[in-house]
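The values are calculated or read from the model by the stated rules, or taken from the named source; none is laboratory data. Note that the structure is a prediction, hence the values are computed from the model and not measured. All Cβ positions, even for glycine, are placed from backbone atoms using ideal geometry, and neighbour counts span all protein chains on display. Only protein heavy atoms, including side chains, enter the accessible area calculation; ligands, DNA and RNA are left aside. Shrake-Rupley method; radii C 1.70, N 1.55, O 1.52, S 1.80 Å.
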Amino acid sequence: MTTTVERTVTVEVPVRTAYNQWTQFEEFPQFMGGVQEVTQVDDSTLHWVAEIGGVRREWEAAILEQVPDQKVAWAATGGATNAGAVHFAPSGPDHTMVTLHLEFEPEGLVERAGDALGVVERQAEADLQQFKTFIEQRGAETGSWRGQVNEDLDVGTPGVEAAEDSRGDSGKAGISGKAVAAGVAAAAVGAAGVAVAAGARSGSGSGTADLDGLDVVDVLTADHREATALVGVIWATTDAQQRRDLADQLIAELVRHAVAEEMYVYPAMRDHLPDGESAVRHDIEEHQELEAQMKKLEGLEGSQPEFTETLRQLEATLADHIADEEREHFPQLRASLPREELVQLAGKVEGAKKLAPTRPHPAAPNNELFHKVAGPGVGLVDRLRDRLSGRSTG
Ligand SMILES: [Fe+2]
Ligand SMILES: [Fe+2]
């Protein structure tokens, strides 16, 4: 079954700038969530390495057609089955419409993948937005390649049949369902050459994130993508112990994310948003609901029916909460704070996540002061418990 996603974003730079940036494939990992490496093998071949929800994926993509300032069309020739095109159209002298059209195939696992389309759509959306932010902030491309590939061929918009060769690769041990969908999301979006993705990686806990101008909304949105993808991976995992481990990882990431928001983001929302007080109250209520659900999930075995039930509830609460933040509160925050402050907040959020607890503490207050006073201590205790219990939470 083929799934199609189409997304357009208007970028406030001339078409030449937008296109030139797009040709800098090897720079994608600097910005793109989950993409570890892109190698330009030759003018029309790219090799990709990505890791989504702990699953490593590699694939080769062929550029079928590339026309400067107009189009890049590709198909995977090995690895995750995907194909598509990116079109560039000037919209006045200083604006460009960038349209991403991609097709991907979850390969028979779609039944279990559930929301494969949603995962890919959200990834595509986030990546296009990041491309926009990146190039608009710079105002100039980091490099360019003005060569052409099959410019007279006009392959149209390739579908997955163009990527036929790569079928059958996604059923590797331990990989299924949404993991594949999420992998393909990054694969497809990546292969499309969407330059900048969901921001700084934060979940690994290793080293410091190179935020490189990303603002707090980029960072939090990347966390949301990561958590959503992780839920997908859990759904797609049948082994009970693996499910349990993945749930621990999800819980740790969500707790860190929520604490960082409560410490630095919600206070800023309270101060700057038109209806900040009630927005924050609403978001905190949802955090409390999430905490209760995570606490419950923490005590369940991956094989129990309650595990599935609780994860389903958690997923629904999380989706609602993400929608509220991303559709309303984050855009308002971006509109009401100067960019330098948003970038500073990103650094604070990353710092807070390193010290924050990794386990849910529903009885603890959801406020800035508590987290600042007690948080690092609670976090240390949690991490010690993680280590003693062999729970890997980064
Ligand atoms: Fe959030
Ligand atoms: Fe939140």
Out of the residues in region 320-333 meeting the condition of being within 12 Å of ligand 2 (Cβ to nearest atom) and within 18 Å of the chain's Cα centre (by Cα), tell me which one is most open to solvent (accessible area, probe 1.4 Å). Asp320
Residues within region 269-293 that are away from ligand 2 (no atom under 13 Å from the Cβ) and in a helix (DSSP H, G or I), tallied: 8
Checking the structure you have, find out if any residue of region 299-312 is within 14 Å of ligand 2 (Cβ to nearest atom), assigned to a helix (DSSP H, G or I) and within 25 Å of the chain's Cα centre (by Cα). no
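Residue-by-condition table, conditions (1) modelled with pLDDT of 90 or more; (2) away from ligand 1 (no atom under 16 Å from the Cβ); (3) touching a Cys at 6+ places or on another chain (Cβ under 8 Å):
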{"position": "Val196", "(1), (2), (3)": "no, yes, no"}
{"position": "Ser206", "(1), (2), (3)": "no, yes, no"}
{"position": "Leu230", "(1), (2), (3)": "no, no, no"}
{"position": "Trp235", "(1), (2), (3)": "no, yes, no"}
{"position": "Thr238", "(1), (2), (3)": "no, yes, no"}
{"position": "Ala258", "(1), (2), (3)": "yes, no, no"}
{"position": "Ala268", "(1), (2), (3)": "yes, no, no"}
